[in-house]
């Protein structure tokens with residue numbers, strides 16, 4: 001059994017896995033995925049807001065290649081990791097998020113998340 005969803009294991013209904021991979025990378029580079037996420041955040045329940053962070057272990061071959069953009073992969077005790085910092089509403093639905101290297105503490109990212117919260 002595999003963990004996660006390798007591109008080659010996508011259902012055939014999505015089309016050729018390589019085309020899906022290229023589209024995903026293109027949309028990520030042009031920040032279209034963030035635009036879609038922001039469009040889906042409609043009428044959040046702002047009675048309470050919460051901030052949380054989750055560490056994601058990166059694959060052992062995930063870093064080291066030459067790249068012009070920041071990869072949000074950091075070194076920690078667990079090896080190569082990324083961290084997803086998220087602001088959620090009272091229902092637990094995401095309002096805003098950021099991805100950093102795994103070594104970045106939640107307290108350093110919290111002011112940025114609070115600044116991105118919708119005004120009441």
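Bear in mind that the values in this text are calculations on the coordinates, not laboratory data. These numbers come from a predicted model, not from an experiment. Glycine also receives a Cβ, built like all others from the backbone with ideal geometry; neighbour counts cover every protein chain displayed.
Quick look at the numbers
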{"read-out": "Ranked packing of 22-34, 85-97, most packed first, by mean Cβ within 10 Å", "value": "85-97, 22-34"}
{"read-out": "Debye equation applied to the C-alpha atoms of region 1-40, log10 I(q)/I(0) at 0.33 Å⁻¹", "value": "-0.98"}
